[in-house]
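See structure below.
The values are calculated or read from the model by the stated rules, or taken from the named source; none is laboratory data. Computed from a predicted structure; not experimentally measured. Heads up, the Cβs are rebuilt from the backbone with ideal geometry, glycines too, and the neighbour counts pull from every protein chain shown. Only protein heavy atoms, including side chains, enter the accessible area calculation; ligands, DNA and RNA are left aside. Shrake-Rupley method; radii C 1.70, N 1.55, O 1.52, S 1.80 Å.
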Amino acid sequence: MDMPAIETHLTKNPHLLGWVEEMAKLCQPDRVHFCDGSEGERRRLIEQAVAAGVLLPLDPKKRPGCYLHRSNPGDVARVEHLTFICTSSKEEAGPTNNWMDPREAYTKLRGLFDGSMKGRTMFVVPYVMGPVDAPHAKVGIEITDSVYVALNMGIMTRMGKQALDKLGDRDDFNRGLHSVRDCSPERRYICHFPEDNAIWSVGSGYGGNALLGKKCLSLRIGSYLARKEGWLAEHMLILEAESPEGQRTYVAAAFPSACGKTNFAMMIPPKRFGGWKIRTVGDDIAWMRVGADGRLWAVNPENGYFGVAPGTNFKSNPNAMKTIGRDSLFTNVALTPDGDVWWEGMDDPAPEGLIDWQGRPWSKGSSEKAAHPNSRFTAPITNNPAVSRHWDDPEGVPISAIIFGGRRSTTVPLVLQSFNWAHGVFMGATMGSETTAAAAGKVGVVRRDPMAMLPFCGYDMGSYLQHWLRMQAAIPFPPKIFLVNWFRKAADGRFLWPGYGDNMRVLKWVIDRAHGRVGALETLLGWAPKPEHLDLQDLDASADDVRAATRIDYGEWEAELESTGEFFTSLGPTLPRTLHLWREMLLSRIEEAGR
Ligand code: OXD
Ligand code: MN
């Protein structure tokens, strides 16, 4: 077969052109299309996708510029058991990652990519993660045979010519190769080669597996580079909180997937907090570096939101609802008869005549969900009416507080502040969360998820936590560190804390603590707000529920620290001794107090 011409006026970079040619020889596409990121190109790709049935136009009045995509029903979430870190040694990947020898991985995947794009177009998608002019922005090139992926990358990254211009003739771009191939779970692998700055992903078109700039580059390869280069690549939202006096404070927060990062980053404070404004810098990933002023500065490497649809409504997240009003892609949501989208937990009840996420008629009372629990929207960051003016600032924003939080129905109180940096790292390292639909597998089981990075850390977890401890010496003015839990439940299964906008009440204390202007109660586990520190006026929850949400039960904590011990053991010899010592000290203090 003749090779399709690799022609582009967009770049003469010999490293890039040589690599694209090599990959085209392997995958044997019918056509090669270099994406320039222009508006005209976006329109043409959408037309192609609609013609091919990959996208379904939604009603242009109700959802202008919006489309629905239905994925293969067996390809709806990240696949952690098929995600590999391919470093020369297994130890480098550590006990929490799947490891494959790089030679074996290249050989196996070369076999799967061989001829995988026959009859298809190979899209070459150049992109930048981070504000284009940020000194630490990274250029990636994703080769993909999915027009859906190319269009999503156009939203989620700074895509096209700007990336090629930034790259110039250099060779230091991330090489990402992606093919949906036959979308078979038997032939699905998401392989990372941190030593080569490369990612090979085959067999899935789902966001976290296929949009290689996101989890693969910004977190897995990103965290590997961050350790090498002395910075932090984290699974964190970044928000800007402006007080009524006009003081802006920036907070980064790590929560596991589908635990409300987007909601927290777009929060609208309750009326009681009139004058406070929350704006979004990012909702999923933070790259943080020490600035010349000794503070920790964060950028959001992304350009859009890939958010969970179910549960999003005008009460839980009005800014998200406005964000997805236009120019957005919806994946695996339900379709209304008038060409709009619907999902469980939307404001209005399900209309008659709904089509479910698999394209089948759906009626009320059905035992199946109309929208997939991990159905998503992809929307441009600038659609958000509350986007921070600094979202694209090459310098980033200075972080005053870091929050760790999981989904825990017991034990973990509403909020605690760490005694110091190392204790904060301990809090992050021991975070647990009940699993969600964002990853394939059982939902609702508590698993330890250090810093919400368990599925995203590109190297050995113990070494990652050591890197966090070491960073203290590099940050003269470090952020204060907090642990929160919005998800504690009463014995009857009710949530004790209303969450969403009311989380402002907790955030206010966090901000005041970060600026050293409010008191706290010293508990055995960290600093907690005294009752008078949390403004609860007009809160739709009883005083008893708030007491229960903030309660520290030392019996429960004894069990928690025991289970942390097992987790620490499972991380092996690289887990820093400091963290073992923190665990022992907290446990022995609780035991002493109980005596
Ligand atoms: C995401 C995830 O899509 O964490 O952001 O799964
Ligand atoms: Mn995420």
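Tabulated results
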item: P(r) histogram, all alpha-carbon pairs of the stretch 38-178 included - 5 Å bins from 0, percent; result: 2, 8, 13, 16, 17, 18, 14, 7, 3, 1, 0, 0
item: Beta bridges per DSSP with both ends in the stretch 123-216, % antiparallel, nearest 5; result: 60
item: Principal semi-axes in Å for the chain [√(5λ), Cα gyration tensor, largest first]; result: 38, 28, 23
item: Among beta bridges that DSSP assigns inside the chain, antiparallel share in %, nearest 5; result: 65
item: Protection proxy ranking of 52-62, 322-332, 397-407, 168-178 - average other beta-carbon atoms within 10 Å, highest first; result: 397-407, 322-332, 168-178, 52-62
item: Gyration tensor (alpha-carbon) shape descriptor, the stretch 479-595, a/c threshold 1.5; result: prolate
item: Distance from the stretch 302-350 to the stretch 387-407 (C-alpha centre basis), Å; result: 24
item: Long-range Cα-Cα pairs in the stretch 192-275 (distance over 17 Å), rounded percent; result: 62
item: Long-range Cα-Cα pairs in the stretch 54-102 (distance over 14 Å), rounded percent; result: 66
item: Considering only the stretch 138-284, percent of DSSP beta bridges that pair antiparallel, nearest 5; result: 65
item: Percentage, to the nearest whole number, of Cα pairs in the stretch 177-325 over 20 Å apart; result: 58
item: Descending semi-axes in Å of the stretch 451-498, equivalent ellipsoid built from Cα gyration tensor; result: 32, 17, 7
item: Helix-only mean residue ellipticity at 222 nm for the chain, each DSSP H run of n ≥ 4 adding -39500 (n - 2.57), per residue, nearest 500; result: -8000 deg cm²/dmol
item: Zero-based 10 Å bins, Cα pair distances in the stretch 1-76, whole percents; result: 15, 32, 32, 18, 3
item: Alpha-carbon centroid distance for the pair the stretch 128-154 / the stretch 1-41, whole angstrom; result: 16
item: Long-range HN-HN contacts of SER184 with modeled amide H, under 5 Å; result: none
item: Cut-off of 10 Å, at most 10 other beta carbons, DSSP loop: longest stretch of the chain lacking such GluC sites (Glu not before Pro); result: 8-244
item: Sites matching trypsin sites (Lys or Arg not before Pro) across the stretch 451-513 that sit in DSSP coil, with at most 13 neighbouring C-beta atoms within 10 Å; result: ARG494
item: Helix 39-51 vs. the chain, principal-axis angle (Cα, 0 to 90°, nearest 10); result: 80
item: Set LYS277/LYS489; LYS118/LYS364; LYS215/LYS508 screened for pairs whose C-alpha atoms are more than 32 Å apart; result: LYS118/LYS364
item: Principal axis dimensions, the stretch 126-216 - Cα atoms, whole angstrom, descending; result: 40, 28, 20
item: Exposure rank, largest accessible area first [HIS235, HIS81; 1.4 Å]; result: HIS81, HIS235
item: Helix axis angle, 14-27 relative to the chain longest principal axis, alpha carbon, degrees; result: 80
item: Under-5 Å amide H pairs with ALA520, H placed in peptide plane, nonlocal only; result: none
item: Solvent-free Debye scattering, log10 I(q)/I(0), computed from the Cα coordinates of the stretch 309-381 at q = 0.22, 0.26 Å⁻¹; result: -0.96, -1.29
item: Heavy-atom accessible surface of the chain: percent carbon and sulfur, 1.4 Å; result: 50
item: Per residue, in Å², the accessible surface of the chain once ligands and nucleic acids are set aside, probe 1.4 Å; result: 38
item: Semi-axis lengths, Å, the stretch 285-406, gyration tensor of Cα atoms, sqrt of 5 times eigenvalues; result: 36, 14, 11
item: Degrees, to the nearest 10: 503-514 long Cα axis against longest axis of the chain; result: 70
item: Relative contact order (percent, whole number), the stretch 45-179, Cα cutoff 8 Å, 6+ residue spacing; result: 18
item: Computed Kirkwood radius, in angstrom, where 1/r is averaged over Cα pairs of the stretch 371-499; result: 17.2
